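**Student:** One structure, pasted below without further comment.
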Amino acid sequence: MDHADRKIAPDMPEMRSVRIGAPVAMPPRSLLRSAPTTTKSATTPLRTIATSTAEWKPSNIPSLPQMYPLERSHARVKNDTSAVAQRIASVLRQQSLAPVFEDQKASGETQCHVRFVVRLFVDGDDLVVEVQRRSGCCFVFHQVSKALLQAARGETVMALPAFVVPNSMIKEEQQRAACDEALELANELLLKDRIDAQVLGMQSLVHMTREGGCKYSASAILKGPVMDTLLKFVRLSKGIDDEFLVGHRTNMRGDAFHVLANCLAREASKLSFDKFASDQVLKSVIDELRVAAEKPHNACHAARVLASLVKNSEAIKLRAEQLDAPAAIIMAFNEGISRHAMLEEEAKALKREMANCM
């Protein structure tokens, strides 16, 4: 038969046998990324240091696992555990990072909700300090980890840079128009049911009202519809079971206090305090001071809000005394002494404003 006359058989799918074997064994936990946490057991429980002290006394520090991939944000220092731990603890408090100390690690959180963990390992004659980001802005985490590693090495901790847009770059009428448009968009986001929209809207307000931000934003917020929206978040109830929603509401309350504190610092002397005079709002502010141990950042902003109110309104000052604000201020002040320098400072200032009542 001629080669050209052969019929070419079309390709057809072929059945292949598949062998189902036993599951592949997982590598030892000591080689996984979470290996350091395996040290917690029934015989060596993690010990959280009480909030009345800012000392960190790590013990039972594990050796660095052979195949443990260290984060880039780590440093090797002389194995003087006590001195290194105290330097780190000092910076955590001075920069108001709300630290929580355990035997082998310390965790913290910035005001913009960047969460991180500091771990210690022994590697030969060295002590390895690793800072690991858990959530939040990468840039902010880089600045925080840089400061902590400088402290671990015994170096001078550099201040965080501050960036301010010069007023000459934007004309006044353009700045007003941009501010009004931005506030309208932020308020629309806050009124939505979606969590991501609410977070974006609140973050916009925080950035607009911070030092170096839009100078017209404070007056526009306190006298406009955004004010009512912020007070709604201040009055948010905590009576829900969903852990994620509880965390979201707590963060939104704290950011709402942050925005109000920034605005009142600029415009309190020109403001009518009718919306703040209600017991529901005042109780929300004072209650935040009472639970400073849970969320010191929120308590710090609440202290700033209350200080501006009692400074400019005698009626609010008297009502705050009746709601037992002095006791709440002392609780917040003691928590600030322990682990949050900014809270200590703001509570001290609030205590001075309340001095006539106390």
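**Student:** Can you name every residue in region 322-337 that is in contact with a Ser or Thr (Cβ under 8 Å, 6 or more places away or on another chain) and surrounded by 21 or more Cβ atoms within 10 Å (Cβ to Cβ)? Walk me through how you get there before you give the answer.
**Tutor:** The first filter runs over region 322-337 and keeps only residues in contact with a Ser or Thr (Cβ under 8 Å, 6 or more places away or on another chain), leaving 334-335.
The one that is in contact with a Ser or Thr (Cβ under 8 Å, 6 or more places away or on another chain) and surrounded by 21 or more Cβ atoms within 10 Å (Cβ to Cβ): E335.
**Student:** Does any residue of region 309-321 turn out to be out of contact with any strand residue (DSSP E or B) (no Cβ under 6 Å at 6 or more places or on another chain) and within 26 Å of A186 (Cα to Cα)?
**Tutor:** Yes, region 309-321 contains at least one residue that is out of contact with any strand residue (DSSP E or B) (no Cβ under 6 Å at 6 or more places or on another chain) and within 26 Å of A186 (Cα to Cα).
**Student:** Here are L289, L271: which of them is modelled with pLDDT under 90 and aliphatic (A, V, I, L, M)?
**Tutor:** Working: L289 fails: modelled with pLDDT under 90.
Of the residues listed, the single one that is modelled with pLDDT under 90 and aliphatic (A, V, I, L, M) is L271.
**Student:** Okay, moving on. From the list G213, G247, G239, exactly one residue is assigned to a loop (DSSP other than H, G, I, E, B), at pLDDT below 90, farther than 15 Å from L190 by Cβ and out of contact with any helix residue (DSSP H, G or I) (no Cβ under 7 Å at 6 or more places or on another chain). Which is it?
**Tutor:** G239
**Student:** Related question: With respect to K348, is the statement that it is surrounded by fewer than 18 Cβ atoms within 10 Å (Cβ to Cβ) and touching a Gly at 6+ places or on another chain (Cβ under 9 Å) true? Talk me through it step by step, then tell me what you get.
**Tutor:** Numbers: surrounded by fewer than 18 Cβ atoms within 10 Å (Cβ to Cβ): yes; touching a Gly at 6+ places or on another chain (Cβ under 9 Å): yes.
So K348 passes the test.
**Student:** Does region 312-321 contain at least one residue that is of a type outside the set (S, T, Y) and buried (at least 24 other Cβ atoms within 10 Å of the Cβ)?
**Tutor:** From region 312-321, those of a type outside the set (S, T, Y) are 312, 314-321; that's our starting set.
Next, only the ones that are buried (at least 24 other Cβ atoms within 10 Å of the Cβ) stay: 320.
Yes: region 312-321 contains one or more residues that are of a type outside the set (S, T, Y) and buried (at least 24 other Cβ atoms within 10 Å of the Cβ).
**Student:** Filter region 256-288 for residues that are open to solvent by 20 Å² or more (accessible area, probe 1.4 Å) and part of a helix (DSSP H, G or I) and give the result.
**Tutor:** Narrowing region 256-288 to residues open to solvent by 20 Å² or more (accessible area, probe 1.4 Å): 258, 265-267, 269-275, 277-280, 283, 287.
Residues satisfying the conditions are H258, A265, R266, E267, S269, K270, D279, Q280, K283, D287.
**Student:** When the residues of region 147-190 are narrowed to those that are open to solvent by 100 Å² or more (accessible area, probe 1.4 Å) and within 30 Å of V91 (Cα to Cα), which ends up modelled with the highest pLDDT?
**Tutor:** Applying the filter and picking the extreme gives R153.
The values are calculated or read from the model by the stated rules, or taken from the named source; none is laboratory data. Just so it is clear, the structure is predicted and the values come from calculations on it, not from any experiment. FYI the Cβ positions are ideal-geometry reconstructions off the backbone, even for glycines, and counts take in every protein chain you see. Please note that ligands, DNA and RNA were not included when accessible areas were found on the heavy atoms of the full protein model with its side chains. Shrake-Rupley method; radii C 1.70, N 1.55, O 1.52, S 1.80 Å.
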